[in-house]
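Notes for the one structure printed next.
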Amino acid sequence: MKISVINRDGTKHILEADNNSTLMEVIRDEGLDIEAACGGCCACATCHVYIKENWLDKLNHKGDEEESMLDQAFDVKNNSRLSCQIELSEELDGLELELAPE
């Protein structure tokens, strides 16, 4: 599957992913500029991304922990998510997102 990521400098990257990963793992493993300080434990907001609006309904809903972490993040929008909380599946092939500011 492929994921389209716009980096903070505006550069678009097409990443290859598999169903056994989270979105954060794919972004991090490709070397893009995402801190992911807690390693995917939903204990920080350093993997904050903006999901393109047309993809939001295809994602799992935000849990209480994710909502709590986003409350502490900067520049939160309606389409903000923590990439560590998005499990990849075939339904998300072609997912489009942008990395949030640091």
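Points to keep in mind about this one:
- Among (1) 31, 27, 24; (2) 53, 30, 19; (3) 38, 36, 20, the entry derived from the coordinates for Cα extents along the principal axes in Å: (1)
- Which of Ala100, Gly39, Cys84, positive extreme of dipole for the chain (C-beta unit charges): Ala100
- Dipole check for segment 1-59: with +1 at the C-beta of Lys and Arg, -1 at the C-beta of Asp and Glu, and the Cα centre as origin, the magnitude is about 160 Debye.
- Dipole size of the chain about its Cα centre, with +1 on Lys/Arg Cβ and -1 on Asp/Glu Cβ: approximately 220 debye, rounded to the nearest 20.
Taken together, the values in this text are just the output of simple stated rules run on the coordinates, not laboratory data. Small disclaimer: the values here were computed from a predicted structure and weren't measured. Cβ sites come from the backbone with ideal geometry, for glycine too, and all protein chains shown count toward neighbours.
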